[in-house]
Structure formats: structure tokens, C-alpha cells
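Take a look at the structure set out below.
The values are calculated or read from the model by the stated rules, or taken from the named source; none is laboratory data. Owing to the predicted nature of the structure, the values given are computational and were not obtained by experimental measurement. Cβ placement follows ideal geometry from the backbone for every residue including glycine, while neighbour counts extend to all protein chains displayed.
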Amino acid sequence: MQQQANAGAVLVLNNQTGEVLAYVANSGLVEDSVWVDGVQAARQAGSTLKPFLYGLAFDKNLLTAASVIDDQAINISTDLGLYVPQNYEKDFKGAVTVRKALASSLNIPAVLTLSKVGVENFWRKLNDLGFKLEQQSDYYGNSLALGGADISLWQLANAYRALANGGQKTELTLELNTQSTEAKTVFSPQASFIVADILSDRNARSLTFGYENPLATSFWTAVKTGTSKDMRDNWCVGFSQHFTVAVWIGNMQGLPMRDVSGITGAAPIWHSVMSYLEAGREQQIAITPPKGVVQQEVSFEGFAQPSYNEWFIEGTEQSKVSYLADTVATILYPVEGTRIALDPDMPVAVQKVFFRAHTGGELLHFWLNDHYLASAKSDYAWQPRRGRYHLRLKTTSGQTRAEVRFEVRGKLKSIR
């Protein structure tokens, strides 16, 4: 109680049928909240949405599990000011593979990945997975990568169950022995497998969580934690070959908790429930890869990463990854599909838009609608006008490294 964690909820699913095997709506200790359903209540997702972001990037061939992303401090200019994402531990890991970025739940790589796939595309994917997001994509912006949307434990558990089923989503049922029949493809089997393999990787998650933690089981599981802003909610959700278990810990008053995160609050409960469910069953130590994925030994140059065997969607495999060459240039703002609204009642001077890019060590330049603007080495302040725009990052020789399309609506007050 001193930590303000006085309530919890747990959902247990049969992976194959979608049958709800256990539904603990409220294990709280506060009398005036005993009728609140913690399984259906909408709460901030924290890092639990990251696997779906990377799964989308894999399916679009924008990243592989061996791609290298910089986990370093960035400031992103937005309509509301500077957005400065940080990691949970308030430090930065430098260059990391996507495998480590996802397994260790690093925030900067997730924001950079969102800029590649586009906020609108990720928003659509989350809705396809069953998350009934209340706002449109531009409301969430970059925070969508870090779980800035409100979701329920019911929605979250079934979305992870879709990963367990090779990207096939069916509805949950409270009826006994009912087989779901109508399946919707939300990810390819190949992307689902690679995401699940990453979430089962004890070594890859040790960068943040250490080697010994409640996420490690004696049998194969894929699992992810999440902690919302100010530690108001923490989550742990994951699946074995047979079951998906999702846990939420917090309080029904929505108060910040003290020193309670997904790894210390929800994870031990998840571990206990999953271990109970799998006790006595014949266990597997790995899942069977689907057709269309290949394993390739990858070596790295430019940063300290030993060679290892990585899974790839067939056709994207690499034997060598160079840090400088593989650090993909990215337009950080605006992101794909951004809609900027001009306010005629505000002074023109304060409505500038700042183009910002991650150049990956190259000499790159901003081009807008085929007109040269400036070097992308620093932010470029642009005065917006109504219209549709195509912003590119180009090399000196004219090669396009990254591009986004955005729109400006409204108009500025006429100056007399």
C-alpha cells in the first residue's frame, strides 16, 4: 500500500481457441473500487505496444532484427514544442541492434522506428489488432511509439495472442470449448516469428533488465513489460506455446506508484501464473520457424557487437552490417502523414515548422517539393503555407536517403 499499488487484473487465454481461461477483473484492496473492471478499463499502454511497431517495420522491409539504430539523445521539434524521449533508466546505450532495442525496451530506437513506418500506418495497425484508439493518429504523434495511447488488458492480451498464432487474430470467447473461426491477418507469420523470438531472448533483454529477472522461464515464452507515465500503471504480457497471460498492476484511483515498474510489479505475477499453467506439460525450448524465414550469421563493423546468428525474412538477410552504412538516415520531423494546422490568430513568426533529421553520419540536405532548402546537419526553420509537401533527405549527388509527405491546412493572417 505504501507504494500506491493496491489493485491488479489478470487475463489468461487459450492461444488456439481464444477461450478466456481466467478473468480476474479486480484484486484490489480499496472498498470503493471493488466494482471496477481492471480487464476492460482503458489505461496508458507504456512499452507494451513496441513489438507491434517493430513487427510492422519487419513486414514493410524497413528494418531487420540485425539493423543498427542509435540509442542517443534526440530532441524532436513538434507543433507543441520540443519532444525529448528518454529511456526508463535515463541513460543511452549507443548503437544497438533492433533485437536488443526491442528486447531491452529502448525508447529512442522505438521513436526512430516510428518515423520510418509513419504514425498513421502504426495507428492503423493498432486498430487492426483490436485497440480501439479514441483519437486520430496526429493526436498521439511520436508518443504512440512509447505507449501514449489508452488500451485495455483485454485488447492487449488478444493482440499478443495474434503474435503467438503467427499473425492471425480471432476474437476472444467466454464460452467453453469454442473454436474461433474467422481469422484476420494482422502480421505475416515471418514477422510474428521474429518478434516472438526477440521477446524470448534472455541475452538481448539483459541490456536493460539483467540476465536474472521474472521474465525468464524454464520453458519457451515471449514476454514484454510496460510502465506508463509517472508509474501509474504497469503491465506484463506474454505467451507460451499454449497460453497468453496478461497482467496489470496499479490502483483504481489512477495515482502514481512509487518504485513499481512492469519488471517489479506485474512480471512476478505473470511468471507465477505462466509457471502454474505450464507445470507438468511437455516443454519446448524454441518455437518452429515458419517458411519464409532464414537464419544467417551476421558480423558487424563500426561498433562493438560480436557476430551471431540472426533470423531474417527471406530476401532481407545480410552477412555483414556496417554501423555507419546501416545507420539509416531518417526525417525525425515531420513524420509521414503529418497534418499541420495554421492558426490565423497567432503571429506568423511563432508558427515556424522545424525540419529535423538524423543523418547517419552522411552529408545530407533538405529538399522540399524538389527545391533545395539547406543542409540537414541542423534543424531548418520553415515558414509553412497551405498545401501538400514532399520533404526529402538527399545526398550531394542527388540520391534520396529518406522522404516524407505532409500537409499544411488553414492560412496565416494577412500582414498589412
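Note on the stretch 393-416: among residues that are part of a strand (DSSP E or B) and either free of Cβ contacts under 8 Å to residues at least 40 places away in the same chain or more than 32 Å from the chain's Cα centre (by Cα) (or both), the one that is farthest from R339 (Cα to Cα) is T395. Scanning the stretch 354-375 for residues that are buried (at least 19 other Cβ atoms within 10 Å of the Cβ) and at positive phi turns up just one, G360. With respect to the conditions (1) modelled with pLDDT of 95 or more; (2) in the same structural domain as M231 (by TED's automatic domain parsing), V294 falls short on a single one, namely (2). Listed by position, the helices (runs of 4 or more DSSP H) enclosed by the stretch 89-134 include none that has at least 3 residues that are among the basic types (K, R) and over 27 Å from Q40 (Cα atoms).
So how many residues does the stretch 313-324 have that are out of contact with any Phe, Trp or Tyr (no Cβ under 7 Å at 6 or more places or on another chain) and in a strand (DSSP E or B)?
2
Taking every residue in the stretch 13-26 that is within 10 Å of L172 (Cβ to Cβ) and pairing it with any residue that is of a type in the set (D, E, K, R), at least 6 positions away or on another chain, the pairs with Cβ-Cβ distances below 8 Å are L13/E19; L13/R161; G18/R161; G18/E171; E19/E175.
Looking at this structure, is A183 in contact with a strand residue (DSSP E or B) (Cβ under 7 Å, 6 or more places away or on another chain), crowded, with 24+ Cβ neighbours inside 10 Å and farther than 22 Å from F209 by Cβ? No.
Among the residues of the stretch 262-312, the one identified as surrounded by fewer than 19 Cβ atoms within 10 Å (Cβ to Cβ), assigned to a strand (DSSP E or B) and among the β-branched types (V, I, T) is V294.
Within the group A374, A357, A349, which residue is small (G, A, S), assigned to a strand (DSSP E or B) and over 27 Å from the mean Cα position of the chain (by Cα)?
Values: A357 fails: over 27 Å from the mean Cα position of the chain (by Cα); A349 fails: assigned to a strand (DSSP E or B).
A374 is the lone residue from the list that is small (G, A, S), assigned to a strand (DSSP E or B) and over 27 Å from the mean Cα position of the chain (by Cα).
Would you be able to say whether some residue in the stretch 318-325 is under 30 Å from A45 (Cβ atoms), of a type outside the set (G, A, S), surrounded by 14 or more Cβ atoms within 10 Å (Cβ to Cβ) and in contact (Cβ under 8 Å) with a residue 24 or more places away in the chain? It would help to see each step written out before you state the result.
Within the stretch 318-325, the first condition is being under 30 Å from A45 (Cβ atoms), and the residues that meet it are none.
No, every residue in the stretch 318-325 fails to be under 30 Å from A45 (Cβ atoms), of a type outside the set (G, A, S), surrounded by 14 or more Cβ atoms within 10 Å (Cβ to Cβ) and in contact (Cβ under 8 Å) with a residue 24 or more places away in the chain.
Specify the residue that is surrounded by the fewest Cβ atoms within 10 Å (Cβ to Cβ); the eligible residues are those in the stretch 377-392 that are in a strand (DSSP E or B) and of a type in the set (S, T, Y). Selected residue: Y389. Within the stretch 221-233, does at least one residue satisfy the condition of being under 17 Å from V39 (Cβ atoms), of a type in the set (A, V, I, L, M, F, W, C) and either more than 22 Å from the chain's Cα centre (by Cα) or not in a loop (DSSP other than H, G, I, E, B) (or both)? No; the residues of the stretch 221-233 include none that is under 17 Å from V39 (Cβ atoms), of a type in the set (A, V, I, L, M, F, W, C) and either more than 22 Å from the chain's Cα centre (by Cα) or not in a loop (DSSP other than H, G, I, E, B) (or both).
Taking the stretch 242-255 as the region of interest, how many residues are in a loop (DSSP other than H, G, I, E, B) and in contact with a Ser or Thr (Cβ under 9 Å, 6 or more places away or on another chain)?
Of the residues in the stretch 242-255, the ones in a loop (DSSP other than H, G, I, E, B) are 242, 251-255.
From what's left, in contact with a Ser or Thr (Cβ under 9 Å, 6 or more places away or on another chain): 251-253.
The total comes to 3.
Identification of helices (runs of 4 or more DSSP H) wholly contained in the stretch 137-209 with 2 or more residues that are under 20 Å from K60 (Cα atoms) and at pLDDT 95 or above yields 153-164, 189-199.
Answer yes or no as to whether L207 is among the aliphatic types (A, V, I, L, M), more than 18 Å from the chain's Cα centre (by Cα) and surrounded by fewer than 21 Cβ atoms within 10 Å (Cβ to Cβ).
Details: among the aliphatic types (A, V, I, L, M): yes; more than 18 Å from the chain's Cα centre (by Cα): no; surrounded by fewer than 21 Cβ atoms within 10 Å (Cβ to Cβ): yes.
Taking the combined requirement at face value, the residue does not satisfy it.
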